[in-house]
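Peer 1: This is the structure I want to talk about, given as structure tokens.
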Amino acid sequence: MMHTFASENGYDIDITDSRYHHEIYLSDARRVPPERRKTVLRLPIKPRIQ
């Protein structure tokens, strides 16, 4: 879904050997059941050159 959203809005995903995605865990996996855990995913993007 994130790749589609970026593409529809004029961006390309910019993942390279030195640029990765990031996962930010908002919930403690030891205390929160799996169905209630929250995570933020961040992808590096760059404007699409036309």
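Peer 1: If you compute P(r) over Cα pairs in 5 Å bins from 0, in percent for the structure shown, which of (1) 4, 18, 17, 17, 13, 11, 12, 6, 1; (2) 5, 18, 19, 18, 14, 12, 9, 3, 1, 0; (3) 4, 21, 36, 28, 10, 1 do you land on?
Peer 2: Identified label for the calculated read-out: (2).
Peer 1: Tell me the net charge near Y25. Cut-off is 13 Å between Cβ atoms, Y25 excluded, with +1 for each Lys or Arg and -1 for each Asp or Glu.
Peer 2: That sum, taken over residues with Cβ under 13 Å, equals +4.
Peer 1: Could you provide, to the nearest whole Å², the per residue accessible area of the chain with probe 1.4 Å? Write down the numbers at each step before the final one.
Peer 2: Working: 4770 Å² over 50 residues.
About 95 Å² of surface per residue is accessible.
Peer 1: Now a separate question. Using alpha-carbon pairs under 8 Å, 6+ residues apart, how would you state the relative contact order of the chain in percent?
Peer 2: For the chain, the relative contact order is 44 percent.
Peer 1: What distance in nm separates the two pseudo spin-label positions at E8 and R31, each 7 Å out from Cα along the beta-carbon direction?
Peer 2: 3.7 nm
Peer 1: Then there's this: Using a 1.4 Å probe on the protein heavy atoms, what percent of the accessible area of the chain belongs to carbon and sulfur?
Peer 2: About 53 percent, which is the carbon plus sulfur part of the accessible surface.
The values are calculated or read from the model by the stated rules, or taken from the named source; none is laboratory data. From a predicted model like this one, the values you see are computed outputs, not experimental measurements. Note that each Cβ is placed from the backbone with ideal geometry, even for glycine, and that neighbours are counted across all protein chains shown. Please note that ligands, DNA and RNA were not included when accessible areas were found on the heavy atoms of the full protein model with its side chains. Shrake-Rupley method; radii C 1.70, N 1.55, O 1.52, S 1.80 Å.
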